1. Residue check, A:P83 against (1) of a type outside the set (D, E, K, R); (2) surrounded by 20 or more Cβ atoms within 10 Å (Cβ to Cβ); (3) within 11 Å of another protein chain (Cβ to nearest Cβ), all met but one. Which one?
2. Give B:P381, B:P373 a once-over and let me know the one that is assigned to a helix (DSSP H, G or I) and either hydroxyl-bearing (S, T, Y) or surrounded by fewer than 23 Cβ atoms within 10 Å (Cβ to Cβ) (or both).
3. Just one of B:V307, B:V368, B:V337, B:V355 is away from every other protein chain (no Cβ under 14 Å) and within 21 Å of B:A191 (Cβ to Cβ); which is it?
4. Using the structure shown, decide if B:G12 is under 18 Å from the mean Cα position of the chain (by Cα) and part of a loop (DSSP other than H, G, I, E, B).
5. Do the conditions hold for B:L128, that is, is it under 25 Å from the mean Cα position of the chain (by Cα), surrounded by fewer than 18 Cβ atoms within 10 Å (Cβ to Cβ) and in contact (Cβ under 8 Å) with a residue 12 or more places away in the chain?
6. How many residues are on the phi < 0 side of the Ramachandran plot and outside any strand (DSSP E or B) if we restrict to the range A:2-54?
7. Restrict the check to the range A:36-47 and report whether at least one residue is facing another protein chain (nearest Cβ under 9 Å), farther than 17 Å from B:V59 by Cβ and within 13 Å of the chain's Cα centre (by Cα).
Amino acid sequence: MSEWVKVASAGDVAEGEINAYLAGNRTVAVANVDGDLQAFDDTCTHQGCSLSEGELDGTIVECPCHGGRYDVMTGEVVGGPPPEPVDVFDVVEEDGELRIRTRDDD
Amino acid sequence: MDVVVVGGGLAGASAIGTLRAEGFDGRLTLIGDESVPPYERPPLSKEYLRGEATEPQWVRPAEWYQENDVELRLGLRADRVVADERAVLLADGSSVPFDRLLVATGVRNRRFEVPGIDLEGVFDIRFLPDADRVRQTALGASRAVIVGAGFIGCEVAASFRQMGLEVTVVEFFETPLFRVIGADLGVAVEALHRDRGVGFVFGDAVERFEGAGRFEAVVTKGGRRIEGDLAVVGVGTKADPPLGLGDRNGGIPVNPMLETRTEGVFAAGDIADHAHPVFGQIRVEHYDNAIKMGETAARNMLGAEIVFDDPHWFWSDQYDSQIQMAGYATEWDDMVVRGSIEDRTFSAFLLKDGVLRSTFSMDRKFDVRRSMPLITAQARPARALLADPEFDLRQLHPAKGAS
């Protein structure tokens, strides 16, 4: 089981924004959807662009390169070219820290 | 219910994915005239052409089709739709019955009717084997001539420069992308390429390709002779034969919900001549449009009644610059620029009678996408807000659900 990793201070992700953090050896995007944080793999499964560079509209993130769309709550593809969903991760704000827990060991 | 998709390109592939994702569990057949499963065409003038990607960008992994119970019938051309019999006739004489049909057969490159077009070393690019042939030839070449400074011509020019070839582009109009964006913006694209060493010949046209057995030079109507080891032609497209469903544009006319005049028969992608609720009757040949039309056609085949009102987004990667555009404007009476055309970091908003019709950008990541709801809504944004690089266009978006 992976450990919780501190990646930033609490409050680092403003509402409607997405930041990317290195957690272990994965780049994880954290989106703030109406005050709730959602963490997911930052790398688009289509051609590897950074999803945190894209646009967040409600719970949908749109890849800036070729328009792939994912639901950040589940990681599922909801439109566009991505062939696979992205992984989602646990994220919390505790003791003034923003922490992420990746689920796999790769 | 039997659903048949004719056309193994992006629109068809997108539709079958959506059909299964939406829970359609009936028989699903994809008929394509290429011998390989659906792949993406944009890399054929970019990463794949340059050899940076050695595999095609497959739309779906090979095992997906079996896992999702899609019958792939490849290397087969459809001939005609027989509406009365609810069947598609194939070129080999067989017939495939359907309850719902999607035609997504795409377009072909227009044949460039000049002497010497069939010389060895003169190419165009649409299909995978085309890109393979061009790459093979370019690898042993030092000079290339490109005919046409549209998107394909510009992208191939950029790729060839990145591969180390000398490149000369012959273009009838006065700038690249002239018919899409006009001269004021075309100069920025020209400068991008000139900085990378591309030579341009504007206001001239090819009279013939010359060579003893294989291509040696382009001779122009203006009397120039431009030598090269290969030539690539990108002079536009024509719709594929539309299976008896055709119209004036060579496309297949569809209503706002992408259904043809024949009930249960839909068309999507490049071949769909769409009654667009904002732009009017229009046929577009963009990647994103093919995906989104495929998605919408799939849902409508299953009984949804979704009007397709997407404002047509596309991108073009040239060197390390990303061009984006959305909307449709054949004419505009006002253009507002945000950023600097000279620095090639800008967005240009094209307006007609105050209504935002189209947005074009170079290396401004968000403006085009954020302007799309405004284009669909036929909004009249204030010039000062459009011009302000700090202003977030999302503040002007129509309220959700109140369209």
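The values are calculated or read from the model by the stated rules, or taken from the named source; none is laboratory data. These numbers were taken from a predicted model, which means no experiment stands behind them. Using ideal geometry, Cβ is built from the backbone for each residue, glycine included, and neighbour counts are taken over all protein chains shown.
1. Checking A:P83 against (1) of a type outside the set (D, E, K, R); (2) surrounded by 20 or more Cβ atoms within 10 Å (Cβ to Cβ); (3) within 11 Å of another protein chain (Cβ to nearest Cβ), the one that fails is (2).
2. On the way: B:P381 fails: assigned to a helix (DSSP H, G or I).
Exactly one of B:P381, B:P373 is assigned to a helix (DSSP H, G or I) and either hydroxyl-bearing (S, T, Y) or surrounded by fewer than 23 Cβ atoms within 10 Å (Cβ to Cβ) (or both), namely B:P373.
3. Details: B:V307 fails: within 21 Å of B:A191 (Cβ to Cβ); B:V368 fails: away from every other protein chain (no Cβ under 14 Å); B:V355 fails: within 21 Å of B:A191 (Cβ to Cβ).
Matching residue, one of B:V307, B:V368, B:V337, B:V355: B:V337.
4. Values: under 18 Å from the mean Cα position of the chain (by Cα): yes; part of a loop (DSSP other than H, G, I, E, B): no.
Spelling it out, it is not the case that B:G12 is under 18 Å from the mean Cα position of the chain (by Cα) and part of a loop (DSSP other than H, G, I, E, B).
5. Details: under 25 Å from the mean Cα position of the chain (by Cα): yes; surrounded by fewer than 18 Cβ atoms within 10 Å (Cβ to Cβ): yes; in contact (Cβ under 8 Å) with a residue 12 or more places away in the chain: yes.
Criteria met by B:L128.
6. Selection size over the range A:2-54: 19.
7. Step one: of the range A:36-47, the residues facing another protein chain (nearest Cβ under 9 Å) are A:46-47.
Within this subset, residues satisfying the condition of being farther than 17 Å from B:V59 by Cβ are none.
No, the conditions are met nowhere in the range A:36-47.
This table checks each residue for (1) basic (K, R); (2) assigned to a loop (DSSP other than H, G, I, E, B); (3) assigned by TED's automatic domain parsing to the domain that holds B:D273.
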| position | (1), (2), (3) |
| --- | --- |
| B:M335 | no, no, no |
| B:F346 | no, no, no |
| B:F360 | no, no, no |
| B:R369 | yes, no, no |
| B:E390 | no, yes, no |
